[in-house]
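Notes follow the structure.
The values are calculated or read from the model by the stated rules, or taken from the named source; none is laboratory data. What you see is a predicted model; the values in this text were computed from it and never measured. Every residue, glycine among them, receives a Cβ derived from its backbone with ideal geometry; neighbour counts consider all protein chains shown.
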There are 2 protein chains.
Amino acid sequence: MVNPKIWTAALVVIGDEILSGRTQDKNIAQIAAWLNVQGIRLAEVRVVADVAERIGEAVTVLMASNDYLFTTGGIGPTHDDITVDSIAAALGLAVVVHPDARATLERYYETRGGITEARLRMARVPDGADLIPNRMSGAPGIRLGKLFILAGVPHITAGMLDALTGTLEGGRPLVSVTIGGFVPESEVADLLGATEKAHEGVVIGSYPFFREGRIGANFVIRSEEQERAEACAAVLGEQLAAQGYEMVAGGI
Amino acid sequence: MVNPKIWTAALVVIGDEILSGRTQDKNIAQIAAWLNVQGIRLAEVRVVADVAERIGEAVTVLMASNDYLFTTGGIGPTHDDITVDSIAAALGLAVVVHPDARATLERYYETRGGITEARLRMARVPDGADLIPNRMSGAPGIRLGKLFILAGVPHITAGMLDALTGTLEGGRPLVSVTIGGFVPESEVADLLGATEKAHEGVVIGSYPFFREGRIGANFVIRSEEQERAEACAAVLGEQLAAQGYEMVAGGI
């Protein structure tokens, strides 16, 4: 059997507000989960500052090594929104006003004070790009081949992802089965490693926690095949139970 | 006046659980905020999978271009904890058992079932490394010159940061002043850009939001000098008020 192609994506999160600690990023988890449903693995994330060279470098490097590249942030109307210009410069493309984006923004701002030079900034795209609908506010996202330029505000990002759902070619989604219990991972480390080795096509992740004054861990068994993940989880659960640990399906 | 040195750090977040969307990362914001208090800027973050080559590459590249490098995750006792081995391999160092870490773990596990081979994994460090105390659980963090290898579980990471507080040389912390209001950023984009230009040594970030059915934005004025940030915020606030917007100090 030929191994099926694994589709990968990378994400560039653009924004001083993440790097300063002011804003807690929510887009990494949101995009990661959405990609997985599309059968695409998030392979790497870079968070870069609002600096044209940093944005351009991250985008070109990660585009070269992944099937898809997503960016979030920096596509609004203000002076610190430099994503489109930075990416266009890095790819050697001109920046043009997209006629459909201009029409959308004109309609959106018709009852909101009218279009202005600043608002028109949000219609600017790298030459050749298509638009990604944004039902939340006037400014669209941008698609340029394998590159997807999304908003940074999480609920607007979510709307753009929604518009892209089902339109990207992917492979088989990674499924996961989780079991958890008040078991110190250091007591069962050998068992985890041996169980992973004994089950082809599965990866076991061990995620410790400290709750209600007790130490425990969740074990996440990932596979491209539901059956393999479930079979491995069943065996692991039995062996942990045999050692006296009470395990909870779905994790704690 | 010679410009003072700006101290920078990069962060490598190691873990499939972040890239799968299972776990919402909290360490980027936590470490960013902590670094800022130390007078160090977080310049870039990479999130990489539990793959030795990915970890090694990210660490070596980012160490070369920053004053400090932090990693989180992958230093526990299980088979998926490969951070120490990956970094040591990338740096061409042997992995050794640190005698103090061994002693600490032996004490910690004395009343918890005793030391085992798996638990001893947490005493392994790249040759030449020092330990970072961990008051939360037995396993220490690791310091190797400008490189800091921290735990991935956020409250344990926090304890290790706490142990490092005040021990790293930095510059002047970046201060920020925030004002916010129900003002659509696209209406004031030109004013923001002009205000930033008119105030040397400040950067204005504009962060839109949608709340209580209304559109608004917070404007964050950052500078190395409190007075500059405050002066710029005062001018911006006055000008926005003159346009009829009610602004709230500290942001909304």
Exercise. Looking at the range A:61-72, is at least one residue charged (D, E, K, R), surrounded by 20 or more Cβ atoms within 10 Å (Cβ to Cβ) and over 18 Å from B:VAL203 (Cα atoms)?
Worked result: no
For this session: Inspect the range B:3-26 for any residue being modelled with pLDDT of 95 or more, in a helix (DSSP H, G or I) and over 16 Å from B:ALA129 (Cβ atoms) and give the result as yes or no.
Result: yes
Seminar exercise, completed: Okay, helices (runs of 4 or more DSSP H) sitting entirely in the range B:58-155 with 3 or more residues that are within 13 Å of another protein chain (Cβ to nearest Cβ) and either at pLDDT 95 or above or farther than 25 Å from B:LEU19 by Cβ (or both), I get B:99-110, B:117-120
For this session: Identify the single condition in (1) on the phi > 0 side of the Ramachandran plot; (2) within 11 Å of chain B (Cβ to nearest Cβ) that A:TRP34 does not satisfy, given that it satisfies every other one.
Result: (1)
For this session: Within the range A:180-197, identify whether any single residue is more than 28 Å from B:ILE115 (Cβ to Cβ) and modelled with pLDDT of 90 or more, and answer yes or no.
Result: no
Exercise. Somewhere in the range B:52-59, is a residue surrounded by 18 or more Cβ atoms within 10 Å (Cβ to Cβ) and on the phi > 0 side of the Ramachandran plot?
Worked result: no
Exercise. What residue, among those in the range A:195-209 that are surrounded by 14 or more Cβ atoms within 10 Å (Cβ to Cβ) and over 25 Å from the mean Cα position of the chain (by Cα), is farthest from A:ILE252 (Cα to Cα)?
Worked result: A:HIS199
Problem set entry | Positions within the range A:185-213 being in contact with a helix residue (DSSP H, G or I) (Cβ under 7 Å, 6 or more places away or on another chain), part of a helix (DSSP H, G or I) and more than 7 Å from chain B (Cβ to nearest Cβ), in sequence order | A:LEU191, A:THR195
Exercise. Residues of the range A:1-16 being surrounded by fewer than 19 Cβ atoms within 10 Å (Cβ to Cβ), in contact (Cβ under 8 Å) with a residue 40 or more places away in the chain and aliphatic (A, V, I, L, M), which ones?
Worked result: A:ILE6
Seminar exercise, completed: Within the range B:217-252, of all residues that are buried (at least 21 other Cβ atoms within 10 Å of the Cβ) and of a type in the set (Gly, Ala, Ser), the one nearest to the chain's Cα centre (by Cα) is B:SER223
For this session: May I ask you to say which residue of A:GLY237, A:GLY216 is touching a residue at least 24 places away in the same chain (Cβ under 8 Å), of a type in the set (Gly, Ala, Ser) and assigned to a helix (DSSP H, G or I)?
Result: A:GLY237
Problem set entry | Selection from the range B:156-177 of residues that are in a helix (DSSP H, G or I) and out of contact with any helix residue (DSSP H, G or I) (no Cβ under 8 Å at 6 or more places or on another chain) | B:ILE156, B:GLY159, B:MET160, B:ASP162, B:ALA163, B:LEU164
Problem set entry | Qualifying positions in the range A:145-158 - touching a strand residue (DSSP E or B) at 6+ places or on another chain (Cβ under 7 Å) and touching a residue at least 40 places away in the same chain (Cβ under 8 Å) | A:LYS146, A:LEU147, A:PHE148, A:ILE149, A:LEU150, A:ALA151, A:GLY152, A:THR157
Exercise. When you go through (1) closer than 27 Å to A:ASN36 by Cβ; (2) free of Cβ contacts under 8 Å to residues at least 40 places away in the same chain; (3) surrounded by 15 or more Cβ atoms within 10 Å (Cβ to Cβ) one by one for A:ARG102, which number turns out not to apply?
Worked result: (1)
Exercise. Does the range A:176-187 include one or more residues that are charged (D, E, K, R) and surrounded by fewer than 18 Cβ atoms within 10 Å (Cβ to Cβ)?
Worked result: no
Exercise. In this structure, does B:LEU19 turn out to be facing chain A (nearest Cβ under 7 Å) and either in contact (Cβ under 8 Å) with a residue 24 or more places away in the chain or buried (at least 21 other Cβ atoms within 10 Å of the Cβ) (or both)?
Worked result: yes
Exercise. How about the range B:47-57: which of its residues are within 14 Å of chain A (Cβ to nearest Cβ) and assigned to a helix (DSSP H, G or I)?
Worked result: B:GLU53, B:ARG54, B:ILE55, B:GLY56, B:GLU57
Exercise. Of B:THR167, B:THR111, B:THR116, which residue is without any contact (Cβ under 8 Å) to a residue 40 or more places away in the chain, surrounded by fewer than 18 Cβ atoms within 10 Å (Cβ to Cβ) and closer than 30 Å to B:ALA229 by Cα?
Worked result: B:THR167
For this session: Only one of these is assigned by TED's automatic domain parsing to the domain that holds A:ILE149, in contact (Cβ under 8 Å) with a residue 60 or more places away in the chain and under 21 Å from A:HIS155 (Cβ atoms): A:VAL37, A:VAL45, A:VAL59. Name it.
Result: A:VAL37
